[in-house]
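The values are calculated or read from the model by the stated rules, or taken from the named source; none is laboratory data. Please read these numbers as outputs of a predicted model, since none were measured by experiment. Here the Cβ is made from the backbone with ideal geometry for all residues, glycine too, and neighbour counts use every protein chain on show.
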């Protein structure tokens with residue numbers, strides 16, 4: 001799989017590039033392909049989980065690599081994009097099913113908000129927050 005390259009510099013082109021980058025990141029995470037997933041995450045990436053835990057990039061990738069965290073399904077709906085120069089915010093609703101610590105979390109709805117920055121000419125996620133929808 002290749003990482004989407006910067007193409008059309010228009011806001012519409014950049015927004016679509018971010019959407020495809022996020023979808024490619026999610027595919028890598030669901031496959032458990034940590035090597036590919038790392039290419040989409042900035043070194044200082046941090047995830048805030050639905051239960052409020054803060055995970056560093058190494059913590060997050062380590063949990064996936066070890067099988068402590070396994071995504072079974074991650075289906076995003078429409079991805080909203082706000083561009084801010086060399087940064088962007090994306091937000092979307094998604095359905096996720098996963099296994100965490102040997103416990104299956106059934107298919108549920110979540111909101112995701114991610115902050116992306118350009119690093120060496122490509123978009124990388126730096127912060128991510130997931131909120132469970134009750």
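Across segment 8-65, the number of residues qualifying as under 18 Å from residue 98 (Cβ atoms), part of a loop (DSSP other than H, G, I, E, B) and free of Cβ contacts under 8 Å to residues at least 40 places away in the same chain comes to 5. Of all residues in segment 83-134, exactly one satisfies the criterion of being more than 15 Å from residue 14 (Cβ to Cβ), in contact (Cβ under 8 Å) with a residue 40 or more places away in the chain and not in a strand (DSSP E or B), namely 133. When residue 124 is tested against the conditions (1) farther than 17 Å from residue 20 by Cβ; (2) touching a strand residue (DSSP E or B) at 6+ places or on another chain (Cβ under 9 Å); (3) at pLDDT 95 or above, the lone failure is (1).
Can you find even one residue in segment 43-60 that is on the phi > 0 side of the Ramachandran plot and surrounded by fewer than 16 Cβ atoms within 10 Å (Cβ to Cβ)? Yes: segment 43-60 contains one or more residues that are on the phi > 0 side of the Ramachandran plot and surrounded by fewer than 16 Cβ atoms within 10 Å (Cβ to Cβ).
What number of residues within segment 92-107 are surrounded by 13 or more Cβ atoms within 10 Å (Cβ to Cβ) and either within 20 Å of residue 60 (Cα to Cα) or touching a helix residue (DSSP H, G or I) at 6+ places or on another chain (Cβ under 6 Å) (or both)?
Total meeting the criteria: 8.
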